[in-house]
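Engineer: Encoded as structure tokens, here's the structure I'll be asking about.
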Amino acid sequence: MQLGLRTKLTLVMTGLVFLVVVVLSAVFVSRLTSQVIHETNTRANELAQQIFEQAKHSLEDAKQAGERDRHAYVKRAFQTSEGLLSALQSPLGSNPWIYDVSIVDHNGQVLVSSDTKLTGTIAQARPPFAQIDRSNFFRQMKILYGPQRVFEASFPFTMTGEPFGEVRVGISIPLLRDANSASLRTSGAIALVALLVSTGLAMVVSGATLAPLRDISAQLDRISAGQYDAPPAAPKSFTVFSGFSSFGGGSAVLEAARMNWAW
């Protein structure tokens with residue numbers, strides 16, 4: 001089936017509008033995803049610093065202890081500090097994407113944690129969440145829906161000028177997706193509605209605008225087939241003599257009139 005010129009132009013214009021809306025919707029969703037990731041990374045780093053502020057008092061006291069007792073003193077002080085233990089637990093309720101919060105020494109041994117089962121164990125370092133924040137949209141989506149389930153934000157600290165340990169905030173990717181899935185679904189629905197409405201309006205407006213092309217196209221088809229419209233006949237001028245000539249005896253009357261004028 002061969003498409004007419006008007007149909008082709010309507011499809012082209014509608015396709016261009018469709019493409020523009022798709023690109024804008026993708027940019028909108030990517031910006032929203034990047035914003036969520038950036039805010040999560042910022043919040044996790046703030047929590048790590050807040051935990052360190054709570055633990056700093058125990059570190060200051062440990063500086064007065066002997067070299068051999070320093071590590072054991074810090075560990076015991078961390079585990080008995082009610083303020084620190086409360087600070088480790090409080091972010092879990094207000095930030096559903098947090099997996100755990102721990103303080104480890106430079107060897108990776110957990111000194112204290114929101115998950116008491118981890119205390120005293122060796123915790124392997126997880127991939128930094130900051131790398132997701134620095135990635136482009138496609139890599140972010142790949143990581144968010146990839147196999148790695150837990151990332152972390154860390155805040156290293158020293159004692160007497162030497163590295164001693166770090167605060168680690170575990171970030172669960174599935175929990176992060178669940179916490180922001182509602183806003184992402186809403187944004188996707190808005191983008192889909194905008195796509196459908198703009199495409200429909202483009203079809204209607206372009207169809208109405210290009211309506212005269214239908215007659216022009218039909219005329220061109222007739223010309224190409226050898227069918228030409230006859231030019232309209234020129235209007236005849238009416239005179240007294242032409243008016244008389246339209247009657248049966250018009251010729252005789254005209255002749256008599258001419259003879260009288262000759263006289």
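Engineer: Give the number of residues within region 92-122 that are touching a helix residue (DSSP H, G or I) at 6+ places or on another chain (Cβ under 7 Å) and of a type in the set (Lys, Arg).
Structural biologist: 0
Every residue, every condition in (1) at pLDDT 85 or above; (2) under 29 Å from residue 120 (Cβ atoms), yes or no:
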site: 31; (1), (2): yes, no
site: 64; (1), (2): no, yes
site: 71; (1), (2): no, yes
site: 75; (1), (2): yes, yes
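Engineer: Follow-up question, since we're still on this one. Which residues, taken from region 145-166, are free of Cβ contacts under 8 Å to residues at least 40 places away in the same chain, more than 28 Å from residue 58 (Cα to Cα) and not basic (Lys, Arg)?
Structural biologist: Selection gives 145, 146, 147, 148.
Engineer: Turning to a different aspect of this structure: Do we find that residue 181 is of a type outside the set (A, V, I, L, M, F, W, C), under 26 Å from the mean Cα position of the chain (by Cα), within 30 Å of residue 94 (Cα to Cα) and at pLDDT 70 or above in this structure?
Structural biologist: For residue 181, the condition - of a type outside the set (A, V, I, L, M, F, W, C), under 26 Å from the mean Cα position of the chain (by Cα), within 30 Å of residue 94 (Cα to Cα) and at pLDDT 70 or above - is met.
Engineer: Give me the residue from region 151-208 that is of a type in the set (D, E, K, R) and buried (at least 17 other Cβ atoms within 10 Å of the Cβ) and, out of that set, farthest from residue 21 (Cα to Cα).
Structural biologist: 166
Engineer: Continuing with the same structure: Mind counting the residues in region 100-122 that are outside any helix (DSSP H, G or I) and either surrounded by fewer than 17 Cβ atoms within 10 Å (Cβ to Cβ) or of a type outside the set (A, V, I, L, M) (or both)?
Structural biologist: So the count comes out to 14.
Engineer: So, one more: Looking at (1) out of contact with any helix residue (DSSP H, G or I) (no Cβ under 8 Å at 6 or more places or on another chain); (2) free of Cβ contacts under 8 Å to residues at least 12 places away in the same chain, can you tell me which one residue 135 breaks?
Structural biologist: For residue 135, the failing item is (1).
Here is a yes/no grid of residues against (1) touching a helix residue (DSSP H, G or I) at 6+ places or on another chain (Cβ under 7 Å); (2) assigned to a strand (DSSP E or B):
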site: 72; (1), (2): no, no
site: 77; (1), (2): yes, no
site: 85; (1), (2): no, no
site: 90; (1), (2): no, no
site: 124; (1), (2): no, no
site: 146; (1), (2): no, no
site: 154; (1), (2): yes, yes
site: 165; (1), (2): no, yes
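Engineer: Residues that are under 33 Å from the mean Cα position of the chain (by Cα), under 19 Å from residue 181 (Cα atoms) and at pLDDT below 90: does region 41-56 have at least one?
Structural biologist: no
Engineer: I've got another one for you. Could you tell me whether residue 7 is assigned to a helix (DSSP H, G or I), over 30 Å from residue 163 (Cα atoms) and modelled with pLDDT under 75?
Structural biologist: Spelling it out, residue 7 is indeed assigned to a helix (DSSP H, G or I), over 30 Å from residue 163 (Cα atoms) and modelled with pLDDT under 75.
Engineer: Name the pairs: first residue in region 25-37 and small (Gly, Ala, Ser), second residue at pLDDT below 85, Cβ to Cβ under 7 Å, at least 6 apart or on different chains?
Structural biologist: 25/191; 25/194; 25/195
Engineer: Being under 15 Å from residue 46 (Cα atoms) and under 40 Å from the mean Cα position of the chain (by Cα), is that true of even one residue in region 110-123?
Structural biologist: no
Engineer: Now, a different point. What number of residues within region 134-144 satisfy the criterion of being assigned to a loop (DSSP other than H, G, I, E, B) and surrounded by 15 or more Cβ atoms within 10 Å (Cβ to Cβ)?
Structural biologist: Here the count works out to 1.
The values are calculated or read from the model by the stated rules, or taken from the named source; none is laboratory data. These numbers come from a predicted model, not from an experiment. Cβ coordinates were reconstructed from backbone atoms using ideal geometry, including for glycine residues, and neighbour counts include every protein chain displayed.
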